[in-house]
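Here's the structure we're looking at; comments come further down.
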Amino acid sequence: MTVVGPVSLAALLEGKGVLPQGWQPVFERVARGEFLPDRVWPEDGDVVVDRRRDPDAWRAAVYSDRALVTQWDDGPHTGDGAGRLATSSASAPSTVAEMLFDLDAQTGMRVLEIGTGTGYSAALLAARGCDVVSVEIDPELAEQARANLARAGYGDAVRVVTGDGVLGHPDAGPYDRVQVTAGVRLIPAAWIEQARAGAVIVMPWGTDYSTGDCALRLVVDEDRRGASGSFTMATAFMKLRRQRPDRRHYGAAALPDDWTATAAASTTSLGWGDVVAGPFDPVGFVLGLCVRDCLAQPVPDGHGGGTLWLYAADTGLGHSTAAAGFAPGCTPHVLQSGPRRLWDEVEAAWCWWDGQGRPTVHDFGLTAGVDTTGGAATVEQQAWYRDRNHPLAPARTAVETR
Ligand SMILES: C[S@@+](CC[C@H](N)C(=O)[O-])C[C@H]1O[C@@H](n2cnc3c(N)ncnc32)[C@H](O)[C@@H]1O
């Protein structure tokens, strides 16, 4: 009988073909179980697996290729059910392996990790011979990770810093590699500025059009004023704390009572399934790249249709809102208001994507440029199709003057 443990997990990952060359012994050496708390919630189930009640089930979960939620709602959680929002987890080992493949970390490299969580991925990097600084925003999680790392023998190789990873950790830079294990919407300048020229930065990046992310592999420019690279795989991470979708920013909190009567009405030939996608579907990701700064919130009706709500922030002329309603057998109806016609932008972006033969996420990339004019450093994010010379033009926006 196979003993379930780090060796069987490494063999599972090797069998899936996701382990980078030379990493199988590292996954065999670092026991995931040493990093996980007694209570974990597998991603595909919303009930706790408790080590004290069922040690065999806990061990099977820990050495499976599943993401395990370890914290809900930014704090202590009572009860066996799921909380409202998963706020820390040990990512699925195959996702960890695939991000390590992109990172290409070598022995002796200095690595900045953002999002320590359990400390497992930091321990893998340390076991590979890297010198790791890992930043965790949650003080209790940071403390627990420190204890996990010390117990597993990686206390010296990994320095856990309690703080906001958006600021990086300049004291220990410049870094050869930056690994981010929380979903990013706006790339902070610090990660580029604290990296060496030619350094690799890997992060799950996405837009508020979708709850999903894509792994983005950036290479830092020679002058360290920017970085550019491609998307490598669809994934879904919990977002950086200050980069969770904010409905108020998008004006989604309250619509006037007479909104449906005053918004411009039209129809569309697209269907619910065209524009409402799961977190791993390329269409949601691509629509988010093309329709800038747009929050999409689908409300399914339980009968194969529903309403897709679209919101855009006020950039001086007011908020923009659109709602597209889909019901089987009925012509979809669209309502739009504000300076941007958000549904028209989505439809134009979908038609472009369809006309290109529905490219996958691998055909897209992003360039991040640091701008320091005016004092504070900001990052301009420019997505592109195929290469950086083909920036994705934002879909046309009609400006309402009345
Ligand atoms: C998916 S978990 C990280 C998994 C971790 N690398 C592991 O191996 O267990 C994401 C972590 O990012 C942390 N986080 C969220 N926002 C952060 C921020 N702004 N700075 C640092 N850590 C952050 C969360 O508290 C959470 O622990």
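The values are calculated or read from the model by the stated rules, or taken from the named source; none is laboratory data. The shown structure was predicted, so the numbers you read here are calculated from the model rather than taken from an experiment. Virtual Cβ from ideal backbone geometry, glycine too; neighbours counted across all protein chains shown. With ligands, DNA and RNA removed, areas are computed over all heavy atoms of the protein, side chains included. Shrake-Rupley method; radii C 1.70, N 1.55, O 1.52, S 1.80 Å.
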Given charges of +1 on the Cβ of Lys and Arg and -1 on the Cβ of Asp and Glu, with all other atoms neutral, how large is the dipole of region 273-402 about its Cα centre, in debye to the nearest 20? 140
GNM flexibility winner over the chain from D38, D258, D131 (Cα, springs under 10 Å): D258
Compute, for C351, the solvent-accessible surface of its heavy atoms (probe 1.4 Å) with the complete set of protein chains present, and express it in square angstrom to the nearest 10. 70
Using a Förster radius of 35 Å, what is the FRET efficiency between D164 and A57 based on their Cβ-Cβ separation? Nearest 0.05, please. 0.45
With the dipole of region 6-182 defined by +1 on each Lys or Arg Cβ and -1 on each Asp or Glu Cβ, the option from L13, L167, L103 whose Cα lies farthest towards the positive pole is L13
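For region 127-196, what does the equivalent ellipsoid look like in terms of its semi-axes, each the square root of 5 times an eigenvalue of the Cα gyration tensor, given largest first in whole Å?
Working: eigenvalues 88, 46, 19 Å².
One finds semi-axes of 21, 15, 10 Å for region 127-196.
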Expressed to two decimals, the chain has a Cα Rg over Rh, using the Kirkwood radius, of 0.99
For H319, H390, write out the residues from largest to smallest accessible area, computed with a 1.4 angstrom probe and no ligands counted. H390, H319
Can you give the accessible area of D176, probe radius 1.4 Å, in Å² rounded to 10? 30
Using a Gaussian network for the chain with springs between C-alpha atoms less than 10 Å apart, which of these wobbles most: F326, F35, F237? F326
What size of dipole, in debye to the nearest 20, comes out for the chain about its Cα centre when the only charges are +1 on Lys and Arg C-beta atoms and -1 on Asp and Glu C-beta atoms? 300
Once the Cα gyration tensor of region 226-332 is diagonalised, what are the square roots of 5 times its eigenvalues, in whole Å and ordered largest first, as equivalent ellipsoid semi-axes? 25, 20, 13
At q = 0.13, 0.15 Å⁻¹, what log₁₀ I(q)/I(0) does a Debye calculation on the Cα points of region 84-154 give, no solvent, two decimals? -0.36, -0.48
Work out Dmax and Rg for region 6-182 from the C-alpha atoms and quote the Rg first, both in angstrom. 15.4, 46
Mean shadow of region 155-282, computed from the convex hull of its alpha carbons, in nm²? 11.4
